[in-house]
Every structure is written in C-alpha cells, then in structure tokens.
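Novice: My questions all concern the structure below.
The values are calculated or read from the model by the stated rules, or taken from the named source; none is laboratory data. The shown structure was predicted, so the numbers you read here are calculated from the model rather than taken from an experiment. So basically every Cβ, Gly included, is an ideal-geometry build from the backbone, and we count neighbours across all protein chains shown.
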Amino acid sequence: MYNLANKRVLLGVTGGIAAYKCAELVRRLREQGAEVQVAMTRGAREFVTPLTFQALSGRPVRTELFSNEAEAAMGHIELARWADCVLVAPASANFIARLAAGLADDLLTTLCLATTAPIALAPAMNVQMWNNPATSANVRVLKERGVILFGPATGDQACGETGPGRMLEPGQLVEALTLLFQREDRLRGQCVLITAGPTQETIDPVRYISNRSSGRMGYALCKAALNAGAEVTLITGPVALEPPAGARVVQVRTALEMRDAVMAEAGQADIYIAAAAVADYRCAEDAATKIKKTAGILTLRLTPNPDILAEVAALPRAPFTVGFAAETESLREHAKAKLAGKHLDMIAANLVGEGKGFERPDNALEVYWQGGERSLPLAAKERIATQLMELIADRYHEKNKN
Ligand code: CTP
C-alpha cells in the first residue's frame, strides 16, 4: 500500500550535516507514492549536491529564486501552490530564524511564505543552538502560526555532543508525514458551512449598530476546514480580512441577510460552525432618510433577530452544529445551558471583556459536547482553530458511526 500516493511533497533542504540523510528520505517518500520536488538553500549545497536529489526525485532541483530557466518551467508561486505539504529537513537554526522573521530572501523562504499548504520542519542542530532562547522563541512563534515540528530527537550528535537537536530518521519523517496527511484528509468530501464576523444592523442610510468582532476566528476556522480537505462555504459579515483561497464566500451585512444565506446552504452542509457575532437585535424601524439631530433624547426601538444557530440545529436533517458562546462570567454553566437549550452538537466558549476574545490575535476556548469537554489553552487564533477543527472532526465522525 502506498501511504503517500499522489501527495505532492516540496522538500526543502537547508544547510546541516543531516542533509545527507535526505537522500534516503527522498527515496522513501517516492517508495510511498509521493511526488517530490526538492528545493535547496545555498547552505545545503555545501553538504550534498543537487544532482543527488535530482537523480532520486526524478525532477530538477530548485536552488535559485531568480532563475530564468527554472521560473519558465514552473514559477515559484506555482510551485508553492503545487505542494500539498512543505517539509523542511533538515531545518537549520538559521532557516528557522529566517522563517520566524517572515523573510523571503531566497527560494525556500519565499516558497514557505507563498504556500497555503501545511509546513512541517524537521530541526537539526547542535544541542546548544537548539536550547538557545533565540531558537526557542523562533520555534514558539512558528508553532503559533501553525507550523508543525517533527522532532528533533535526542541523542548523539555529529558534533560530539549529546542532547536534543538530532533530525528524525527518514523512516520516522515518512511516518510523521503520513499521519499529517491523514489528519489533513479528515474532512475530505464533507461540506462545512461557517459564519464569521459581525453583522451590521441599519439605523438609517448612514448609521448602523454593530460589534467588535474582527472575523479572525471564523476565517481561521475556514482555513483549518480547507486544510482538513473540506469543501467550505464562508458566510461573512463585513470584516477587513482576505477570505482564504479555496472557500466559497458569501458576503452579507445584516443578521437577516446572514440568516437567509445560512438557511439557503444549511441543507447541503455536513457541519455548521456559527462563529459570527450576530447582533441579537435590529432596529424595529429602519429610517428611510438620515435621522436628524434634535435637542431631546433619541430612543431607538430594537426588535430581536432570529437565532440562526438555533434554527439550523432545529432543522429536520440538521448538520453537525457547533455554536460559540462569548461570556463575561460563569462560562461553563452558560455554555452548557446553551449546548442543551439550542440542541447543539458542540459549543466553544470563551471569556470576553478585559482584553480577552474580541479584537485580539489569540484566544482560549472551553469546548463542551454531550458527555465530554476539552480546554484549548491561549494560543494564536490560527492554532486554536486547527485544534478546534480536529475536535469537530473527531466528534463528527464519532456521531456518524452511530
Ligand atoms: N447566534 C446566532 N444568531 C443570533 C445570535 C447568535 O446564530 N441571532 C450564534 C452565534 O453565531 C454564536 C452563538 O449564537 O455561535 C452564541 O451567541 P451568544 O451571543 O454567545 O449567545 P446568545 O445566544 O446570543 O445568548 P446570550 O446573549 O444570552 O449570551
């Protein structure tokens, strides 16, 4: 059986003595059915020649960002799109630092910035370099951005020292990559419907009521669902974010528009994730002309909006329905009450206020479902989204087994 059949692996090789093991790695990846394109940094070429990898991968090795000939065959952006996964092995301390800094100063860093595929690093370096606080900080930044670490292993090193910093063996890397792809494929063929961002409720032609939702959590979930192989429809309120490539995007403004868009799609969805901060109320009258200033108090009458989440969960063939709960206190109690009250399959609750939740790049979630719960500690929303999507996939498959 070929565990990596038709998977396109972009193997980045950077400057470290472990580069020699990557010849074996390429051979094993090919044995498992993967297509392998090797890109080498200048440092890597001090250890192994491109010809070695060319012979083993069956493709010309890419080394330069500015190469007329190579770019004519396949441009670097095209190559970044081609990859199902980028594996950098060995990943040197210098490469990790350049990636953490977001540099695009050679072909491999540029490919890593340009790709939407998952990036996995197999670090290999001297134990002191690995333990250096600079490297630790860079690794932390990259993990928060969703970069995956394979290893390093602990043991004897080429420099004569012992400790963490050894690159995983080729067989272990192939195994780790296989598991990564299995995880990536968890929602292949499933339709995931996600709402994101705030809604805007019209007061008059120039004014509206809204909230501080940035849409970042919903957009991160959209990306995580795409990474898991799902077909994703994103129904989004007005936000200042670029929608992830590959999702079908429906732009809406008001809660009523969001409800209509959601109900039009919910019948085809396998999973519904309500990450939008839908306004609970809209103006009872929306003024046709701009409301003029007067000396007295102005009163706006508000009427409740439909609860989209509850409507979806009440459908006869409801998708696996995941709600969010933003609470300022008694998180667990309120979240569990909403889980039961709205007949949800799962609820992801977070504390808001006092600098938490909205308008922040990070988040922490308490996730509840019938008979289980899990804490996702504070991390970048992208990382939290990946973890939440894994939980959703687990519970979704569990439910469908029964
Ligand atoms: N939601 C929705 N439609 C609404 C309001 C909220 O679909 N009109 C969804 C949100 O997308 C979120 C969940 O309901 O997934 C929870 O929203 P939240 O404001 O925490 O809870 P409410 O149900 O509004 O309850 P409360 O205001 O009492 O906390």
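Novice: Could you tell me whether the range 268-286 includes any residue that is over 29 Å from the mean Cα position of the chain (by Cα) and either among the small types (Gly, Ala, Ser) or buried (at least 20 other Cβ atoms within 10 Å of the Cβ) (or both)?
Specialist: Taking every residue of the range 268-286 in turn, at least one turns out to be over 29 Å from the mean Cα position of the chain (by Cα) and either among the small types (Gly, Ala, Ser) or buried (at least 20 other Cβ atoms within 10 Å of the Cβ) (or both).
Novice: Something else now. In the range 77-130, which residues are under 20 Å from ALA158 (Cα atoms) and part of a helix (DSSP H, G or I)?
Specialist: ALA93, ASN94, PHE95, ILE96, VAL127, GLN128, MET129, TRP130
Novice: Output yes when any residue across the range 268-286 is of a type in the set (Lys, Arg) and either within 25 Å of ARG395 (Cβ to Cβ) or more than 13 Å from the ligand (Cβ to nearest atom) (or both), and no when none is. First the steps, then the outcome.
Specialist: Within the range 268-286, the subset of a type in the set (Lys, Arg) is 282.
Filter again for either within 25 Å of ARG395 (Cβ to Cβ) or more than 13 Å from the ligand (Cβ to nearest atom) (or both), leaving none.
Within the range 268-286 (the criterion being of a type in the set (Lys, Arg) and either within 25 Å of ARG395 (Cβ to Cβ) or more than 13 Å from the ligand (Cβ to nearest atom) (or both)), the answer is no, since none of the residues qualifies.
Novice: Scan the range 239-266 for residues that are within 16 Å of the ligand (Cβ to nearest atom) and of a type outside the set (D, E, K, R) and jot them down. Walk me through how you get there before you give the answer.
Specialist: Of the residues in the range 239-266, the ones within 16 Å of the ligand (Cβ to nearest atom) are 239, 250, 252-266.
Selection gives VAL239, VAL250, VAL252, THR254, ALA255, LEU256, MET258, ALA261, VAL262, MET263, ALA264, ALA266.
Novice: Given ALA393, ALA385, ALA340, which one is at pLDDT 95 or above and either closer than 26 Å to GLU257 by Cα or within 13 Å of the ligand (Cβ to nearest atom) (or both)? Steps first, answer last, please.
Specialist: On the way: ALA393 fails: either closer than 26 Å to GLU257 by Cα or within 13 Å of the ligand (Cβ to nearest atom) (or both); ALA385 fails: at pLDDT 95 or above.
Residue meeting the stated conditions: ALA340.
Novice: Checking the structure you have, find out if any residue of the range 294-309 is within 8 Å of the ligand (Cβ to nearest atom) and of a type in the set (A, V, I, L, M).
Specialist: yes
Novice: On to the next question. Could you list, in sequence order, all residues of the range 310-337 that are closer than 19 Å to ASP394 by Cα and more than 11 Å from the ligand (Cβ to nearest atom)?
Specialist: Result: ALA318, PRO319, PHE320.
Novice: Which of (1) in a loop (DSSP other than H, G, I, E, B); (2) surrounded by fewer than 19 Cβ atoms within 10 Å (Cβ to Cβ) does THR303 not meet, given it meets every other one?
Specialist: Failing condition for THR303: (1).
Novice: Please give the number of the condition ALA348 fails out of (1) modelled with pLDDT of 95 or more; (2) away from the ligand (no atom under 11 Å from the Cβ); (3) not charged (D, E, K, R).
Specialist: Exception for ALA348: condition (2).
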